[in-house]
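Colleague: Have a look at this one before I ask anything.
Where a number appears in this text, it was derived from the coordinates with a stated rule and is not lab data. Computed from a predicted model, the values in this text were never measured in an experiment. Note that we place each Cβ from the backbone using ideal geometry, even for glycine, and neighbour counts take in every protein chain shown.
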Amino acid sequence: MKEIKISPQFKTQTTKAVLSITLFVLTYLLMLAIALGLTVLCVYGGIILIAIRPMLITIALGIGLASLGVFVLFFLLKFILKSHKVDLSHLTEIKQADEPNLFKMIDDIVKEVGTRFPKKVYLSYDVNAAVFYDSSFWSMFFPTKKNLQIGLGLVNTVTQSELKAILSHEFGHFSQKTMKVGSYVYNVNQVIFNLLFDNESYDTLLQKWANASGYFSIFVVIAHKMIKGIKWVLKQVYGVVNKSYMALSREMEFHADEIAANVTGYEPLKTSLLRVSFADHSLSTVLSFYDRKIADNQKSDNIYKDHLFVTNFLAKDNNIEIKNDLPQISENDLNKFNKSKLVVKDQWASHPSTEDRIVRLEKTGLSNTNLNNEPANLLFTDIEKNQVELTHKMFKDVIYTGECSALPFEMFQSNFVEDFLKSTFSKVYNGYYDNKNPVFFDIQNIGQSTKNIELEDLFSESRVDEVYIAISLQSDIESIKQISDKQSGVKTFDYDGVKYSKKDCNGLLSKLEKSLELLNEKIAAHDVEIFKFFRSQEQKANLNASLENLYRQFFNYDKEFDVKYDVYIQLTNRLQFVNDTTPFEQIRANFINIETLEEQLKKGITEILESQDYQTEITNEIKENFELYLSKKWKYFVNEKYYDNNLEMLFTAMNNYAFLLSRGYFLIKQKLLNYQVELIKNHTYSVYE
């Protein structure tokens, strides 16, 4: 393969990365020199102190003084002993004898890209592919062979040409000499991260030394103060190095994309990039389904059959074209509901956006019509065997209460579709209510409709767009407020193609808030028209005024929801202290302070248990937890020790309470919307059909 020309942006970011490494090295060497000098002085001072008057107290003080320098020096050198070992327990190694076709593809890529064959090849369960290696400080100086990880979730949802493009991208990261700079920046980043944040064993060592003698503890406190100062300096350097690493990383992604385009043409990588987040969402949806099946002691025999079914089911539900038994996600599909006009360059993102990557890919002009659109699964000798083995690994650590059985695929399909329909709204609404609720209005003062409105007009694409424009506007306003308040560190941004700085925020915010206000008024007026339309259908059918009652029920629940849910929010915030080191007296005081909130929580749980609205949603497990929690006043901290079981019961009760409140909100909304659909079932409307 020809040498890929380095872009000017890549050269610029490489230069910045080299300068950031130089800054770190100079800063580190200066601190190391000072630490060495300090160590020599402390050890010398300790020896002199003991020699002047050898006795127990001077010996202890001398050893403590010497340890001060040693500990500061060791802090700066401890990263050398640290290595990053990749956890392989969730992976399955495969060899050429097992999968000759896959290994031939890898061998072809390696030769064409001009890199080395991976040390080992592993299968993982996810929708991803990656090249990885065990890294340490010394890997900056000695070559380390890379391993290849291929996710079966990825294989399950790409063609053979797409998989080749993805693997070419991964090996592209290591094919060009200039890419080695990225490896150096990564390792420097790891070093600083270790010094700043990976200090648990070091802190434990200091604590043990301090506990050994009260005299030692004096010098441990001084060492802590010095190390705090070192960390402050390193944090400033970390910001510079990390920012340069992220910027270089984004250019490395573009570079690897171009290498992949040289191997397969840009089309396979483009289509796989567009599909990968959808496929990942589908796998997460399947896993969530089986999370709910734990209580029924059911699992999957082959989660990848389920995954492919759900991927295509969700695609059809979203009117996405299926081709080669895979969804063909377009850029419009990717941004269907994203109406934001705000563009902020994320300096901390390791990857460019999918949209930016596609633009750069298409600019290469490296097209290829000779593509293999057969499923990547066919590359494997026995893909089902691999799928079953990985599925077993995924479920092996799940704890079931009884004997577990596999859910047959046909049963999974029917159960999934049933659950999906229970948790979605009718297609009549065209997604109008998916991320919004009916806006409150005074039902008594709503007159009869004077407009001749068709159902198709009520939930047209333009009406749905208004909803998502309003959502995006609200999100943009919040983001710009953070920029204005200097919370984000962003200095400039683009809005609707125009560049703005921090000083322009107030003027832009005023304009956007006015636009949002007018748009919300328009949506609210339209919601009234929706009500009028369905009320007229109800009146034509000579039915009782159930619609008004359903709207009232929803508005009442909506009004009460925030108050009830706030109990959960407040308790969650006030219980954060259990995750931190907190003085005993403060712990006791904190638990006393939540007693009133606990009473409100118990009252809310009692109301849920007594209400008929939640009975279909309360599992035996939830009911048992609620009843146990309500049975008495529990203690969470006694004799300077947390009662972990009681705390776990409290948090479970809180989470179940929040879940049921949210689920109740959805159900009352769904009940209203389903009733409206029933009102038009006997009429012919193209949207409904």
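Colleague: Multiplying the sequence separation of Lys603 and Lys491 by 0.36 nm and subtracting their Cα-Cα distance, what value in nm do you get?
Modeller: On the way: separation 112, 0.36 × 112 = 40.32 nm, distance 4.84 nm.
Difference between extended and current length: 35.5 nm.
Colleague: Give me the count of lysine pairs in region 544-689 whose alpha carbons sit under 14 angstrom apart, restricted to pairs 8 or more positions apart or on different chains. Don't jump to the answer; show the numbers that get you there.
Modeller: Working: Lys559/Lys669; Lys564/Lys602; Lys564/Lys603; Lys602/Lys623; Lys602/Lys632; Lys602/Lys633; Lys603/Lys632; Lys603/Lys633.
Lysine pair count for region 544-689: 8.
Colleague: Can you give the log10 of the normalised intensity I(q)/I(0) at q = 0.19 Å⁻¹, computed with Debye over equal Cα scatterers of region 272-342?
Modeller: Rounded to two decimals, the profile gives -0.79.
Colleague: Here's a follow-up. Would you mind checking the tilt of helix 595-610 against the longest principal axis of the Cα atoms of the chain, expressed as 0 to 90 degrees and rounded to 10?
Modeller: The angle comes out near 40 degrees.
Colleague: Label-point separation (nm) for Asn199 and Thr596, each offset 7 Å from Cα along Cα-to-Cβ?
Modeller: 3.9
Colleague: Need one number for region 168-320: average projected area of the convex hull over its C-alpha atoms, nm². Write out the running numbers ahead of the final one.
Modeller: Values: hull surface 64.8 nm².
If I average the Cα hull's projected area over directions, I get 16.2 nm².
Colleague: State the antiparallel share, in %, of DSSP beta bridges confined to the chain, rounding to the nearest 5. Don't skip to the answer; put the middle values down first.
Modeller: Numbers: 20 of 26 bridges.
Roughly 75 percent of the beta bridges in the chain run antiparallel, per DSSP.
Colleague: Let me ask something additional. Among Cys404, Cys42, Cys505, which comes first, second and so on when ranked by fewest other beta-carbon atoms within 10 Å?
Modeller: Numbers: Cys404 15, Cys42 24, Cys505 18.
Placing the least packed residue first, the sequence is Cys404, Cys505, Cys42.
Colleague: If you don't mind, there's one more thing I want to ask. Label point 7 Å out from Lys502 along Cα-to-Cβ: which residues of region 323-345 have amide N under 12 Å?
Modeller: From region 323-345, the list is empty.
Colleague: Show me, bin by bin at 10 Å from 0, the whole-percent P(r) of region 530-622 based on Cα pairs.
Modeller: 12, 28, 24, 19, 10, 6, 2
Colleague: What is the Cα centroid distance between region 107-127 and region 222-255, reported in whole angstrom?
Modeller: When both Cα centres are located, 31 Å separates them.
Colleague: Moving to a separate point now. Using the alpha-carbon atoms, what tilt in degrees (0 to 90, nearest 10) does helix 200-212 show relative to the longest principal axis of the chain?
Modeller: 50
Colleague: Compute the semi-axes of the equivalent ellipsoid of the chain, taking the square root of 5 times each eigenvalue of the Cα gyration tensor, and list them largest first in whole Å.
Modeller: Details: eigenvalues 503, 292, 163 Å².
Square roots of five times the eigenvalues give 50, 38, 29 Å.
Colleague: If I model a spin label as a point 7 Å beyond the Cα along the Cα-Cβ vector, how far apart are those points for Glu362 and Lys635 in nm?
Modeller: Taking the simple label geometry, Glu362 and Lys635 are separated by 6.9 nm.
Colleague: When you have a sec, figure out the Kirkwood radius of region 182-243 from all distinct Cα pair distances and drop it here in Å to one decimal?
Modeller: Numbers: mean 1/r = 0.0771 Å⁻¹.
Taking every pair of different Cα atoms in region 182-243, averaging 1/r and inverting gives 13.0 Å.
Colleague: Given region 402-486, report the % of alpha carbon pairs whose separation exceeds 20 Å.
Modeller: 64
Colleague: OK, next. So, with +1 on the Cβ of K and R and -1 on the Cβ of D and E, and no other charges, what is the size of the charge dipole of the chain about its Cα centre, to the nearest 20 debye? Mind showing how you got there, number by number?
Modeller: Values: 77 positive and 85 negative charges, 642 e Å.
For the chain, the charge dipole is close to 3080 debye.
Colleague: Can I get the semi-axes of region 212-301's equivalent ellipsoid? Compute them from the C-alpha gyration tensor as square roots of 5 times the eigenvalues, in angstrom, largest first.
Modeller: Semi-axes, largest first: 46, 31, 9 Å.
Colleague: Still on this structure: Would you work out which of Phe659, Ser611, Tyr643 lies farthest towards the positive end of the dipole of region 544-689, given +1 charges on the beta-carbon of Lys and Arg and -1 on that of Asp and Glu, about the Cα centre?
Modeller: Ser611
Colleague: What is the Cα coordinate range of region 264-307 on the first, second and third principal axes, sorted by size from largest, in whole angstrom?
Modeller: 47, 16, 8
Colleague: If I take all pairs of Cα atoms in region 493-580, what percentage of them are more than 21 Å from each other? Intermediate results must be reported in sequence, preceding the final value.
Modeller: Values: 2504 of 3828 pairs.
Summing the P(r) tail past 21 Å for region 493-580 gives 65 percent.
Colleague: Using +1 at the C-beta of Lys and Arg and -1 at the C-beta of Asp and Glu, which of Ala295, Ala223, Ile166 has the Cα lying farthest in the positive direction of the dipole of the chain?
Modeller: Ala223
Colleague: In addition: Only four residue types carry charge here, +1 at the Cβ of Lys and Arg and -1 at the Cβ of Asp and Glu. Report the dipole size of region 544-689 about the Cα centre in Debye, rounded to the nearest 20. Working shown, then result.
Modeller: On the way: 16 positive and 22 negative charges, 28 e Å.
That gives region 544-689 a dipole magnitude of about 140 debye.
Colleague: Compute the separation of the alpha-carbon centres of region 607-640 and region 362-400 and state it in Å as a whole number.
Modeller: Cα centres, region 607-640 to region 362-400: 43 Å.
Colleague: Another question, if that's okay. From the P(r) of region 435-581, could you give the percentage of C-alpha pairs in the tail past 23 Å?
Modeller: Working: 6263 of 10731 pairs.
The share of Cα pairs beyond 23 Å in region 435-581 comes to 58 percent.
Colleague: What list do you get for Val498, Val233, Val110 if you sort them by fewest beta carbons within 10 Å?
Modeller: On the way: Val498 10, Val233 13, Val110 18.
With the fewest neighbours first, Val498, Val233, Val110 line up as Val498, Val233, Val110.
Colleague: Among Met649, Met55, which comes first, second and so on when ranked by fewest other beta-carbon atoms within 10 Å? Let's see the in-between values first.
Modeller: Numbers: Met649 17, Met55 10.
Taking fewest neighbouring Cβ atoms as first place, the list is Met55, Met649.
Colleague: How many angstrom lie between the Cα centre of region 266-316 and the Cα centre of region 486-534?
Modeller: 35
Colleague: Given an 8 Å cut-off on Cα distances and at least 6 residues of separation, report the relative contact order of region 220-330 as a percent. Before the final figure, lay out the partial values.
Modeller: On the way: 47 pairs, mean separation 20.7, N = 111.
Result for region 220-330 is 19 percent.
Colleague: Bin width 5 Å, alpha-carbon pairs only: give the P(r) of region 544-689 as whole percents, running from 0 to the bin holding the largest distance.
Modeller: Histogram of Cα-Cα distances, whole percents per bin: 1, 8, 16, 17, 15, 12, 9, 7, 5, 4, 3, 2, 1, 0, 0.
Colleague: Also, I was wondering about something else. What is the log10 of I(q)/I(0) for region 1-64, computed with the Debye formula using one identical point scatterer on each Cα and no solvent, at q = 0.13, 0.25 Å⁻¹?
Modeller: Taken in order of the listed q values, log10 I(q)/I(0) reads -0.59, -0.96.
Colleague: Another question, if that's okay. Whole percent per 10 Å bin, from 0 to the bin with the longest distance: what is P(r) over all C-alpha pairs of region 485-532?
Modeller: Cα pair-distance distribution for region 485-532, in percent: 21, 36, 22, 16, 5.
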